[in-house]
Amino acid sequence: MLHPVEGATAPRLITPGEIEVVVGLYRDSMARYEEAASVLEHRLRRELRAAAIKTLVLSRAKHPDEVRRTLVDLRAADDPHNPSLTYVRLTTELNRVVPDLARARVIVYHPVDEQAAFELILRRFPLADVPNPIEHKADRARASRALVDLDESFDRPSLRGSIVEVQVASISSHIFNELENDIGYKANAEDTPREVHEGIDDLLHLSRLTDRAVERLLDARRRRLLDAEHPLESPEDLRHALEHAVGHTLTGDFMRLYRLMDSVIEPLTSGALAGLGNTEEMLARGVEVAGELGLHETGGDDDVLCYTLALMPVFGVEFQELAKSWRGPSNDMKTAILNWKK
């Protein structure tokens, strides 16, 4: 925990010496931010896996040298007549001044999945009570970010109140961001050499080309899933097939839905899905059933749950037997399946 020194005077710009003290205090508490980042990483990985969004999730705490550079930059930009970056503030709420002390990265394979992953984060995690907790992908930054608050929903009381920055980007965008950051030049700085500007611009161009190439390759693979006889071999395949049928992103636990459907339909294909009925109509029917079961809020925010409920008249007995074997705490999907009656 960071503590202010006694006898603090009127607000003034923090001095270079005080910055070193703050960096030292951060170094002493760095393990807390490493743990906060790790806890959120594991939760993100679980949520994204269930949603059948293929990602690579990484996390780390900011290095003390990075904290020093951040504070030096903030000091240079601060108003000397009305400073906001004071020693007292930094020693009492450093994580609110520098909200990316703990960081998590969600790297998606398909650029189109960036939006689905980011929306899942906004839907499933509490945002920190700080200015601008959401920042959508900019042309140059190549990533969207959200500042997540580790609240009471996280089973780590010692970490509550910690803020973790979550960035979402495609693989190529992530590489560009990391390389540009490691080069250490400010893209718009007057003293940046011309060849550095040109190299960064070339790298940005290549990252965009890579995104488009990856998108073409994965789209070609997804088109195969539309073959009525091609098997759907993963929760991701099932998600893509259903989303193609309705023309928009769907939400929910596709991993459980895939296990349910793969157990009762052989083979599970796009043709088999079409034979079950119009997907849009089934989702609407599922919303009605969710309401009858008292799941009004969940039914409107969980497409997988609604689709599952629409399948219950056909596979209710089999789904209930499978749901009984699910381990771990109960959830809305398990509760809805077990409470369903013909």
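Please give me the summed charge of the neighbours of Ala104: other residues whose Cβ is under 11 Å from its Cβ, Lys and Arg +1, Asp and Glu -1.
On the way: positive: Arg43, Arg45, Arg60, Arg103, Arg105, Arg145; negative: Glu41, Asp100, Glu165.
My count for the surroundings of Ala104 gives +3.
222 nm [θ] for the chain, helices only, -39500 (n - 2.57) per DSSP H run of 4+, per residue, to 500? Kindly include the intermediate steps, with their values, before the conclusion.
Details: 13 runs with 195 residues, N = 342.
That calculation yields -18500 deg cm²/dmol at 222 nm.
To make sure I understand the rule: partners must be aspartates and glutamates, Cα under 14 Å from the Cα of Lys342, and not fewer than 8 residues away in the same chain. Which ones qualify?
Glu292, Glu318
Given a 1.4 angstrom probe, I'd like the percentage of the accessible area of the chain that is carbon and sulfur, rounded to a whole number. Please list the in-between numbers first.
Numbers: 9200 of 18140 Å².
Whole-percent figure for carbon plus sulfur exposure: 51.
Please turn the phi angles of segment 235-251 into ³J(HN,Hα) values with the Karplus equation 6.51 cos²θ - 1.76 cosθ + 1.60 (θ = phi - 60°), one per residue in order, whole Hz, x for glycine and proline.
Working through the residues one at a time gives x, 5, 4, 5, 4, 4, 5, 5, 5, 5, 5, 9, x, 7, 5, 10, 10 Hz.
Quick check: net charge around Thr279, other residues with Cβ under 14 Å of its Cβ, Lys/Arg +1 and Asp/Glu -1? Numbers along the way, then the final one.
Working: positive: Arg239, Arg285; negative: Glu243, Glu280, Glu281, Asp303.
That works out to -2.
Mind pulling the angle between the C-alpha long axis of helix 194-225 and the longest principal axis of the chain? Nearest 10 degrees, somewhere in 0 to 90.
Orientation of helix 194-225: about 10 degrees from the principal axis.
Beyond 30 Å, what share of the Cα-Cα pairs of the chain is found? Please give it as a whole percent. Show your work: numbers first, answer last.
Values: 28271 of 58311 pairs.
Roughly 48 percent, rounded to a whole number.
On full extension of the chain, what length is gained from Leu217 through Asp65, given 0.36 nm per residue of separation minus the C-alpha to C-alpha distance? Mind dumping the intermediate values first?
Working: separation 152, 0.36 × 152 = 54.72 nm, distance 3.99 nm.
Separation in residues times 0.36 nm, less the Cα-Cα distance, equals 50.7 nm.
Glu280 versus Glu229, label points 7 Å from Cα toward the beta carbon: distance in nm?
3.0 nm
Just the accessible area per residue of the chain, please: how many Å² with a 1.4 Å probe? Numbers along the way, then the final one.
Working: 18140 Å² over 342 residues.
In whole numbers, the chain has 53 Å² accessible per residue.
If packing is taken as the average count of other Cβ atoms within 10 Å, what order do 99-105, 122-128, 49-55 fall into, highest mean first?
Numbers: 99-105: 24.4, 122-128: 16.4, 49-55: 20.9.
The most tightly packed comes first, giving 99-105, 49-55, 122-128.
Does anything in segment 203-242 have its amide N under 18 Å from the 7 Å Cα→Cβ label point of Ser325, and if so which residues?
Only 235 pass the distance filter.
What are the GluC sites (Glu not before Pro) within segment 207-310 that DSSP puts in a loop, where the Cβ has at most 11 other Cβ atoms within 10 Å?
Glu229
Holding the Cα-Cα limit at 26 Å, pick out from Lys137/Lys334; Lys54/Lys334; Lys54/Lys137 the pairs that are longer than that.
Numbers: Lys137/Lys334 36 Å; Lys54/Lys334 24 Å; Lys54/Lys137 19 Å.
Flagged as over cut-off: Lys137/Lys334.
Please give the helix 113-124 orientation as an angle from the longest Cα principal axis of the chain, in degrees from 0 to 90, rounded to the nearest 10.
80 degrees
How far apart, in nm, are the 7 Å Cα→Cβ label points at Leu74 and Asp28?
The two pseudo-label positions are separated by 1.9 nm.
Starting from the Cα of Lys324, draw a straight line to each of the aspartates and glutamates and keep only those under 16 Å, dropping any in the same chain fewer than 8 residues away.
The qualifying aspartates and glutamates are Asp332.
The values are calculated or read from the model by the stated rules, or taken from the named source; none is laboratory data. All values reported here derive from a predicted model rather than from experimental measurement. Here Cβ is always computed from backbone atoms with ideal geometry, including for glycine, and neighbour counts include all displayed protein chains. Ligands, DNA and RNA are stripped out before the accessible areas are found, and what is left, the full protein with its side chains, is counted by its heavy atoms. Shrake-Rupley method; radii C 1.70, N 1.55, O 1.52, S 1.80 Å.
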